[in-house]
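Worksheet for the structure shown next.
What follows is calculated from the coordinates using simple rules that are stated; it is not laboratory data. Quantities reported herein were computed from a predicted structural model and do not represent experimental measurements. Note that each Cβ is placed from the backbone with ideal geometry, even for glycine, and that neighbours are counted across all protein chains shown.
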Amino acid sequence: MKLKQYGTTLSLTLALFLSNCGNGREQDNIKDAPATYHQDFSDNVALIAIERNGVLWTSSSGFVTDKEKGLVTSAKHAVSVEGKNSGKIFLNGKVYDGTLIQTPAAIDAGKFQITSRFDPRDLPEPYKIGPAVKKGDKVFVKGLHPHSPELQEEKMLVPILSDYYKTPWEPREYVLDILEATVVEPSMVGTYNMAPKKGNGNENDMAAVYLQLKTKEDHRFSFGGLSGGPVVNERNELVGIVAQEIQAYYELTYKGLAYHPWDTIFVVPIEQLEESGFISR
C-alpha cells in the first residue's frame, strides 16, 4: 500500500513538473513575442521609427529585402540621424527592434536588421527587381507617413500613433500611401562622397543621379516620411527608393501668383542600387 501511494505521489509530482516546464516555455514565448498594433492588411511597406527616450522622434518608410535575415531597406538620410543606429520597425501589425547595419557612401540607402525575435514566415516576400525605367513610364510610390483627418479619406489607415504610441491628442495618423507617378527625367541633384579620397581632388565623389517623378495628383502636403519607401512598376517590381522631394511653393509671375503643387519626388534608381552592390537580383 505504501509503495502504491509513493508511486502515485511521484506521478503527480512529475506531471506538475512537466506542466510547469511547459508553462515556462509558453511564458518565454509570450515574453519574446513582438509587440503588436492593429493593421487589417498586409504589404511589403514598413515604418522605421527613431525614438528619443521611448517617444517617437522621426520616422521613415522601408521595405523587406531579405526575410530570412530580417533585412529592411530604407533611405540613408532618413535613418542615419544624429549618430543613432537603432529604431523600431513596424510591419504588418508587428513591432520589431532593429539596428542600422549598412549605409553605403555612394547612395542614399541604408539597411536595418531586425534584432529582436522574429519569424521569417511573418515577413512579406521581397520585391522582385525590375528593369531600369525610362522617361514616361508609370510607377507607384509607396510608404507610410501621417495624414491629418481631412486627408485620411479613402486611405488605408495604419494606427501606429493611436494604437501603439497611445497619443489620443494627436489628430494625425499613419496611412499607407500608394501614389501613381510618371518618370520625368534623370536629374542631378547632389553628390555622395566615396571615401577615401585620392590626393586633394574629388576623384572618388560619385554624382547622385536621381530619377525625377511627377505624381498624378497634388499631394497637398509634404512627402516627408515617404523617404526610404519602395518605388515599383506596374508589375510590382522594385525600380527605386524614395530619396527627396521638391516642396510646393508660390511664384510671382507677370500673370500673377502661380502655385507649384506637391508633386515632385526624386528616387534612387534601381541601376545605382545594383551597381553599388546594395541590392542584387
### Environment charge of VAL184, counting only residues whose C-beta is closer than 14 Å and scoring Lys/Arg +1, Asp/Glu -1
0
### Query
Which residues does a label at LYS216 reach in region 252-281, if reach means a backbone N under 18 Å from a point 7 Å past the Cα toward the Cβ?
262-265
### Summary
Counted neighbours (other Cβ, 10 Å), sorted fewest up, put ARG235, ARG281, ARG220 in the order ARG281, ARG235, ARG220
### Query
Given the Cα-Cα distance of ASP122 and TYR165 and 0.36 nm per residue of separation, how much length would full extension add, in nm?
13.3 nm
### Summary
One finds, for TYR254 and LYS135 with R0 = 35 angstrom and r their Cβ-Cβ distance, a FRET efficiency to the nearest 0.05 of 0.70
### Summary
Checked against a 30 Å limit on the C-alpha separation, the offending pairs among LYS76/LYS128; LYS67/LYS135; LYS111/LYS135; LYS138/LYS166 are LYS67/LYS135; LYS138/LYS166
